[in-house]
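Undergrad: Mind having a look at this structure? Questions to follow.
The values are calculated or read from the model by the stated rules, or taken from the named source; none is laboratory data. Given the structure is predicted, the values throughout are model-derived calculations rather than measurements. In this analysis, Cβ positions are derived from the backbone assuming ideal geometry, glycine residues included, and neighbour counts consider all displayed protein chains. These accessible areas exclude ligands, DNA and RNA; they are computed on the full protein's heavy atoms, side chains included. Shrake-Rupley method; radii C 1.70, N 1.55, O 1.52, S 1.80 Å.
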Amino acid sequence: MAKKQNQSNIVNSLNKLHVPQPTARPDEFNDFSNLNIPNVEQAECPAIDTNPHEMRGLAYGLIRVLDDDGNAAGNWNSTIEPHVLVKGLKDMLVTRMFDERMQMMHRVGKISFYMKSTGEEAISVAHAAAINFADMVFPSYRNQGILIARGYSLVDMMCQCLSNARDNCKGRQLPIMYSWKKGNFFSISGNLATQFSQAVGWAMAEAQQGGGRVASAFVGEGSTAELDFHSALTFATAFSPPVILNITNNQWAISSNQVVAGGEKTTFAARGIGFGLPSLRVDGNDFLAVYAATKWAAARARAGLGATVIEYFTYRVAPHSSSDDPSAYRPKNEPDFWPLGDPIDRLKTHLINLNQWSETQHETLIEDIKTEMKQNYKQAESYGTLKSGDRPDVTTMFEDVYEDMPLNLLRQRQEMGL
Ligand SMILES: Cc1ncc(C[n+]2csc(CCOP(=O)(O)OP(=O)(O)O)c2C)c(N)n1
């Protein structure tokens, strides 16, 4: 009888599908006490030519440099010139305030869509500071901080969001899907994870031509479930191209918690281990840690040692996009409890500890950026908004795809009387 009972228990559990759940839903509480946050001393910093199998622990730990008091320590701590850190602080602030401004413009109907990167600014800005301008970035839609760190014109960014006559994408892309050829910033794609295979292919070509530049691609943790992610890693391991494969784990893929992409059982950095790739898991809200990990991966790529996978552990403070309401799927105050703090506050405290910054300088900088943002916006708006003013000419939709326009398009253009 007991044996029969056991057998039926096994059958029942075999028939039971495990549906992973986030730690808390809207009317529950999540203080992230389930997370294991190691101290800054814990992570080893291996030589760049270390066999990936010997450094597997780094995919399960967390590389941190800034401690809870804003002081830098540990094996990944290196000397960074204060002017690099001050520029980083400024770029992160500009990114955050640009996001605020554009979100406001969406509220009043002047742009059709927006995506903020609040809380994730250090990932883009420190990464951009640690690679060369000539290196080719294949960004996600939450890497506007890279454009800002590389000095792209805020007016041009705004014109793209406003879909106006000066939008360099001619209104063919969603707002925020920027493209900046001269800035080595590959066009953003709405199709998740395609940037990974494109970056690996680009890096393979670069290696073949002996160019010496590195490619760097970004996806969110949710996008690691896409097949492009896996085929990119296969080519990245087989051909050892100079590429950095970055995964921003901000805990949420729209309303799907990271557990749905497999984060309950292992880390996202650990995806690289099965491919034999060196894999780092980094505190994404720590400017110095992001900088150090990126430098390490870029040095490895430039030395001909191949690809590195980096997971940035962070939190998506803002809604997924202007079309999203996170109160439907996560506790309203969940962002307040993220244990790794705010990247801007942490770098600011660090600079103040170094006597390289002050509260007064910080306040002045914020006021200056506000003024600059207003002036830039006025200029961008003068070229048109979604509501008024000039738009890209409708005839341009037939251009830029084919060198010789095929007959069917010629006919369609004629039908429009153009
Ligand atoms: C191939 C594909 N599937 C689905 C979508 C719809 N979609 C857009 S963003 C998104 C969530 C992505 O989450 P994640 O990769 O974690 O990045 P995050 O938005 O958090 O930065 C989804 C499912 C899409 N754009 N492309």
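Undergrad: Just name one of His350, Gln375, Thr364: the one whose Cα is farthest towards the positive end of the charge dipole of the range 346-398 (beta-carbon charges, Lys/Arg +1, Asp/Glu -1).
TA: His350
Undergrad: Students often check this: by mean Cβ neighbours within 10 Å, which of 408-415, 221-228 ranks highest, and how do the rest follow?
TA: Details: 408-415: 11.4, 221-228: 20.1.
Answer by packing, highest mean first, reads 221-228, 408-415.
Undergrad: Using a simple charge model, +1 on the beta-carbon of Lys and Arg, -1 on the beta-carbon of Asp and Glu, nothing else, what dipole does the range 166-316 show about its Cα centre, in debye to the nearest 20?
TA: Dipole magnitude for the range 166-316 comes out near 500 debye.
Undergrad: Ok, one more. In percent, what relative contact order does the range 41-411 have, based on Cα pairs under 8 Å that are 6 or more apart in sequence?
TA: After rounding, I find 24 percent.
Undergrad: Turning to a different aspect of this structure: How many nm separate the modelled label positions at His18 and Phe32, each set 7 Å beyond the Cα in the direction of the Cβ?
TA: 2.4 nm
Undergrad: Let me ask something else. Calculate the spin-label point distance for Asn71 paired with Leu227, positioning each point 7 Å from the Cα along the beta-carbon direction, and give it in nanometres.
TA: That separation, rounded to one decimal, is 5.3 nm.
Undergrad: Report, for the chain, the % of DSSP beta bridges that are antiparallel, rounded to 5.
TA: Given both bridge residues lie in the chain, the antiparallel proportion sits at roughly 15 percent.
Undergrad: Let me ask you something else. Could you compute the FRET efficiency for Arg411 and Arg172, with r as their C-beta to C-beta distance and R0 at 22 Å, rounded to 0.05?
TA: Result of the calculation: an efficiency of 0.60.
Undergrad: Something else: Run the numbers for Ser255 and Tyr402: contour at 0.36 nm per residue of separation, minus the present Cα-Cα distance, in nm.
TA: Fully extending the segment from Ser255 to Tyr402 adds 49.1 nm.
Undergrad: Roughly how many Å is it from the Cα centre of the range 342-389 to that of the range 144-206, as a whole number?
TA: The range 342-389 and the range 144-206 have Cα centres separated by 22 Å.
Undergrad: Rounded to the nearest whole Å², what accessible area per residue is found for the chain with the 1.4 Å probe?
TA: 47 Å²
Undergrad: How about Lys378: which lysines have a C-alpha closer than 30 Å to its C-alpha, ignoring those fewer than 8 places off in the same chain?
TA: Lys87, Lys90, Lys110, Lys116, Lys170, Lys181, Lys182, Lys348, Lys370, Lys387
Undergrad: Going out from 0 in 20 Å bins, what whole percent of all Cα-Cα distances in the chain drops into each bin?
TA: Spelled out bin by bin, the chain gives 25, 55, 18, 3, 0 percent.
Undergrad: Another question about this same structure. Towards the positive end of the charge dipole of the range 41-411, with charges on Cβ (+1 Lys, Arg; -1 Asp, Glu), say which of Gly284, His53, Tyr402 has the farthest Cα.
TA: Working it through, the farthest residue towards the positive pole turns out to be Tyr402.
Undergrad: Can you give the Rg/Rh ratio of the range 42-83, where Rg is from the C-alpha atoms and Rh is the Kirkwood radius? Intermediate values should be presented prior to the final figure.
TA: Values: Rg = 12.3 Å, Rh = 11.8 Å.
Expressed as Rg/Rh, it is 1.04.
Undergrad: Tell me the carbon and sulfur percent of the accessible area for the chain, rounded to whole percent, probe radius 1.4 Å.
TA: 51 percent
Undergrad: Okay, moving on. Accessible surface of Met405 in the full protein assembly, 1.4 angstrom probe, to the nearest 10 Å²?
TA: Counting only protein heavy atoms, the figure is 50 Å².
Undergrad: Please check: in the Gaussian network model of the chain (C-alpha springs, under 10 Å), which one of Ser231, Ser140, Ser189 has the largest mean-square fluctuation.
TA: Largest GNM mean-square fluctuation: Ser231.
Undergrad: A follow-up question, please. First measure r as the distance between the Cβ atoms of Ile352 and Gln208, then evaluate 1/(1 + (r/R0)^6) with R0 = 51 Å and state the FRET efficiency to the nearest 0.05.
TA: Numbers: r = 47 Å, r/R0 = 0.93.
Calculated value: 0.60.
Undergrad: Which net charge results when you count Lys and Arg as +1 and Asp and Glu as -1 among the other residues whose beta-carbon is under 15 Å from that of Arg25?
TA: Result for the neighbourhood of Arg25: -3.
Undergrad: Sticking with this structure for a sec: With a 10 Å cut-off between alpha carbons and a GNM built on the chain, which of Met397, Met104, Met373 moves the most?
TA: Its mean-square fluctuation being the largest, the pick is Met397.
Undergrad: Same structure again: Compute a Gaussian network model of the chain, connecting alpha carbons closer than 10 Å, and tell me which residue from Ile80, Ile254, Ile131 fluctuates the most.
TA: Ile80
Undergrad: Once the dipole of the range 224-355 is set up with Lys and Arg at +1 and Asp and Glu at -1 on Cβ about the Cα centre, which of Trp252, Thr237, Ala269 lies farthest towards its positive end?
TA: Selected residue: Thr237.
Undergrad: While we're here: How long is the range 286-358 along each principal axis, judged by its Cα atoms, biggest number first, in Å?
TA: 48, 37, 21
Undergrad: Under a point-charge model restricted to the Cβ atoms of Lys and Arg (+1) and Asp and Glu (-1), what is the dipole moment magnitude of the range 1-152 relative to its Cα centre, in debye to the nearest 20?
TA: Numbers: 15 positive and 17 negative charges, 192 e Å.
Magnitude of the dipole: close to 920 debye.
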